[in-house]
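Inspection log for the structure reproduced underneath, given as structure tokens.
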Amino acid sequence: MDKYHAAMALRLQAEAIIRDKVALSNRPPETLTLAGMQRAMHELQVHQIELEMQNDELQRTQLLLETSRSRYFELYDMAPVGYCTVSEGGLVVEANLAVAALLGIARGTLVGQRISRFIGKDYQDTYYRLRKQLLETGTPKTCELQVVSLEGHPCWVQLTISAAHDATGAPEQHLVLADISESKVMAAAMQASEARYRALVDGSPEATTERKRQDGAKEAGLQD
């Protein structure tokens, strides 16, 4: 039972108690036998106990809901990676703090925006194909692309998209965005370092002598 229906049940119980009390007070004194009064009082006491029990249950349910919300906040909102939910039409329905920070926009402002607005221009087709594959297969898809913040700063992310449905059954997508900019920078630095090393090696006297030897061997083979 949700909070609204639980509150309504308590209200109905309270109104029933009031009606019983009013009915009892309006009865002519001569019609109230001792046994009748005892039965009426017993019913009122039962109603009162039921109301108190339901109130205790409601309080426990509210406490559980608050605990669940707190855990949800810790797991979803405070996650180090970005999570967001996108409608079938591509609008952001829900987003955590990491996504908002990644895109440089307040979370309240992000909701209702088209997520494609933040996909890098050169990766729009990549994102479109990924969504198309998801719709065709129903299995989660992953790719690497660049997103662009509200201020125009690009950022490399690993994007994972999966199919889901909202509370009404309407289709939607869950997106996970992991910032991989640092690993991309490190990979580029390693490639540049390897290229410089190869250039140094290729330009060394030993490498030059070896190339001349190989060229000479090729020429001798051609003459033969």
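Could you rank the peptides 108-120, 187-199 by their average count of other C-beta atoms within 10 Å per residue, with the highest value first?
The most tightly packed comes first, giving 108-120, 187-199.
What distance in nm separates the two pseudo spin-label positions at Asp125 and Thr160, each 7 Å out from Cα along the beta-carbon direction?
According to this spin-label approximation, the distance is 2.7 nm.
May I ask you to derive the relative contact order of the range 91-173, considering only C-alpha pairs under 8 Å and at least 6 residues apart, and to give it as an integer percent?
23 percent
Leaving out ligands, DNA and RNA, and with a 1.4 Å probe, what % of the accessible surface on the range 69-164 is carbon or sulfur?
54 percent
Assuming 0.36 nm per residue, please report the length gained on full extension of the stretch Glu136 to Gln191 beyond their Cα-Cα distance.
16.1 nm
Given a Förster radius of 45 Å and the C-beta distance between Ala167 and Arg198 as r, what FRET efficiency does 1/(1 + (r/R0)^6) yield to the nearest 0.05?
0.20
Per 0.36 nm of contour for each residue apart, how much would the distance between Ser183 and Gln62 grow if the chain were fully extended, relative to their Cα-Cα spacing? Can you show the working numbers first?
Working: separation 121, 0.36 × 121 = 43.56 nm, distance 4.42 nm.
Here the answer is 39.1 nm.
In whole Å, what is the distance between the alpha-carbon centres of the range 56-121 and the range 150-199?
Distance between centres, Cα-based: 19 Å.
The values are calculated or read from the model by the stated rules, or taken from the named source; none is laboratory data. This structure is a prediction, so every number in the text was calculated from the model and none was measured. Virtual Cβ from ideal backbone geometry, glycine too; neighbours counted across all protein chains shown. Just the protein is used for accessible areas: all its heavy atoms, side chains included, with ligands, DNA and RNA removed. Shrake-Rupley method; radii C 1.70, N 1.55, O 1.52, S 1.80 Å.
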